[in-house]
Amino acid sequence: MSEPAANRTNPAAVDEDALVEEARAARAHAYAPYSGFPVGAAVATDAGVFRGVNVENASYPVGTCAERVAAAAAVAGGASRIDAVAVAGPSADPTRPCGACRQFLNEFGSRMLVISAGSSGERRRWSLTDLLPEAFGPDALHGS
Ligand code: THU
């Protein structure tokens, strides 16, 4: 992923149910011994689906979120854009991606679909643009 591809996303092509299932399956591998809050994520990209989990650390701030791990796996796997991300947290209320993850994801598709599934089946959907309005993104640098 050598060039920013934020404007080429295609959220409409995503199988949302399948992506949520990928996120739920990933959650089983979360490493969250400190928070006890295991999260799974899955991203749909032009190179397929990639999973992530939160990976915590004894040095607490070093840990990272499931969404960022999934996005990094996608980059390593050769993806050039992210069309959608699904999040599966442990709470009944669908987990909202943290601010750092919103910024990290914005790099790979400001219009991507964000889906979050709660443990009891409730689902929320947003466009990343709504979660991170007026974002600082690749265009700010490439347009300069
Ligand atoms: N976490 C995620 O992985 N994704 C989110 O969307 C919210 C929070 C993780 C970070 C930390 O390991 C744990 O959940 C509690 O904050």
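The values are calculated or read from the model by the stated rules, or taken from the named source; none is laboratory data. Bear in mind the structure is a predicted one, so any value in this text is a computation, not a measurement. Cβ: placed from backbone, ideal geometry, glycine included. Neighbour counts: every protein chain shown.
Report whether or not Gly137 is modelled with pLDDT of 95 or more, over 23 Å from Asp15 (Cβ atoms) and out of contact with any Phe, Trp or Tyr (no Cβ under 7 Å at 6 or more places or on another chain). Criteria met by Gly137. Can you confirm whether Pro33 is assigned to a loop (DSSP other than H, G, I, E, B) and within 18 Å of Ser119 (Cβ to Cβ)? Here the answer is no, as Pro33 does not meet what is asked.
Exactly one residue out of Ala74, Ala79 is crowded, with 17+ Cβ neighbours inside 10 Å and either among the charged types (D, E, K, R) or within 18 Å of Arg24 (Cα to Cα) (or both), and it is Ala74.
Name the residues in the stretch 31-52 that are aliphatic (A, V, I, L, M) and in contact with a strand residue (DSSP E or B) (Cβ under 6 Å, 6 or more places away or on another chain), would you? Matches in the stretch 31-52: Ala41, Ala42, Val43, Ala44, Val49.
Screening Ala92 with (1) within 16 Å of the ligand (Cβ to nearest atom); (2) touching a residue at least 60 places away in the same chain (Cβ under 8 Å) gives one miss only, at (2).
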